[in-house]
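The values are calculated or read from the model by the stated rules, or taken from the named source; none is laboratory data. What you see is a predicted model, and the numbers here were worked out from it, not measured in a lab. For neighbour counting, all protein chains shown are included, and Cβ atoms are generated from backbone atoms with ideal geometry for every residue, glycine included. All accessible areas refer to the heavy atoms of the entire protein, side chains included, with ligands and DNA or RNA removed. Shrake-Rupley method; radii C 1.70, N 1.55, O 1.52, S 1.80 Å.
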Amino acid sequence: MGRRILNEALSKMVNAERRGFASTNLQPISSVMVSFLNVMKYRGYVKDFEVHDLHRVGKITVELQGRIKECKALTYRQDLMAKEIEKYRRRMLPTQQWGYVVLTTPNGVLDHEEAIKQNVGGQVLGYFH
């Protein structure tokens with residue numbers, strides 16, 4: 001259920017970027033989606049986002065940067081050990097210069113660089129470039 005919501009929200013952001021919108025509203029939301037957006041904001045793919053009424057239905061307003069080309073959430077479970085992350089990244093992302101694989105780990109939701117640095121594995125949530 002949560003991965004479908006995340007996938008719909010990410011595809012809505014990509015569509016808004018392609019149409020040239022400055023911001024978009026995402027609804028319904030989840031805490032995993034907020035964590036995924038935090039990773040995107042930290043890496044400079046999203047300017048800012050604001051969560052409205054998290055404990056009810058809620059919505060998120062995202063200010064777009066114009067850098068997102070593709071952004072997907074995996075709807076199946078893909079478990080990775082720390083030593084397998086780099087090989088998975090090379091297979092999934094189109095180039096080595098940009099793009100991030102987002103994982104949910106025991107240390108929280110991290111991108112592949114942070115997970116390798118902390119030497120933790122986890123489940124792949126999705127990727128963006």
Pick from Thr95, Thr104, Thr75: which residue has the top mean-square fluctuation in a GNM of the chain where Cα pairs under 10 Å get a spring? Thr95
Could I have the simple spin-label model distance between Ser11 and Gln97, label points 7 Å from Cα toward Cβ, reported in nm to one decimal? 3.0
To the nearest 10 square angstrom, what accessible area does Tyr76 show with a 1.4 Å probe? 110
Expected unfolding gain across Thr61-Thr104 under the 0.36 nm per residue rule, minus the alpha-carbon gap, is 13.2 nm
Determine which aspartates and glutamates satisfy two conditions relative to Lys69: a Cα distance under 14 Å, and not lying fewer than 8 residues away in the same chain. Glu17
Round to the nearest 10 and give me the degree value, 0 to 90, for the angle of helix 2-19's Cα axis relative to the longest principal axis of the chain. 70
For the chain, set up a Gaussian network in which alpha carbons nearer than 10 Å are linked by springs, and say which option among Arg18, Arg67, Arg56 fluctuates the most. Arg56
In the neighbourhood of Tyr100 defined by beta carbon distances under 9 Å, the net charge of the other residues (Lys, Arg +1; Asp, Glu -1) is 0
For the stretch 86-129 and the stretch 1-71, write down the distance between their C-alpha centroids in whole Å. 18
For the chain, what size does the Cα cloud have along each of its three principal axes, sorted from largest down, in whole Å? 37, 31, 23
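Please compare each pair in Lys59/Lys87; Lys12/Lys117; Lys41/Lys83; Lys47/Lys72; Lys12/Lys83; Lys12/Lys41 to a cut-off of 28 Å on the Cα-Cα distance and tell me which ones are over it.
Too far apart for the 28 Å limit: Lys59/Lys87; Lys12/Lys117; Lys12/Lys83.
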Report, to the nearest 10°, how far helix 31-42 tilts away from the longest principal axis of the Cα atoms in the chain, using its own Cα long axis and a range of 0 to 90°. 80
